[in-house]
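In what follows, a structure is listed as structure tokens, so that the remarks can point back to it.
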């Protein structure tokens, strides 16, 4: 069991559920963040210094858009005044052009909030 403190009250959470949540899957049985990331992995890596068609997503939370050293960003991304946080990433993966007009990223993941949450939970856990 894992002890969790929520709202000042301690409760026990079965280890399997805690591990599943940490791995980016929703406790409600929704899609697994790792499986959703497979769509992103065609262009993005999760390890430092490994840029592909897209920049590495390692330490993405709190990073300014267009800031990965060695990656050749589009002009739009270089001049974007965006810091990647939960809300900006959620908006970006839903509609990249709306967040950074002119970005070369054309692929959007989902408009399903549970899928977006699972994916971002996975990214937050795996890229610390």
Relative contact order of segment 62-106: what whole-number percent is it, with Cα pairs under 8 angstrom and at least 6 residues apart? 37 percent
Compute from the Cα atoms of segment 30-126 the Rg and the Dmax, the latter being the longest Cα-Cα distance, and quote both in angstrom. 12.4, 37
What spacing in nm lies between the two simple spin-label points modelled at residue 114 and residue 86, each 7 Å away from Cα in the Cβ direction? 1.8 nm
Mind running the shape call on segment 80-128? Use the C-alpha gyration tensor, a ≥ b ≥ c as the square roots of the eigenvalues: rounded below 1.5 for a/c, prolate if a/b tops b/c, oblate otherwise. oblate
For residue 42 paired with residue 74, estimate the spin-label separation in nm (one decimal), with each label point 7 Å from Cα along the Cα-to-Cβ line. 1.6 nm
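Read-outs throughout are calculated quantities, based only on the coordinates presented, and are distinct from any laboratory measurement. Remember, predicted model here, so these are calculated numbers, not experimental data. In this analysis, Cβ positions are derived from the backbone assuming ideal geometry, glycine residues included, and neighbour counts consider all displayed protein chains.
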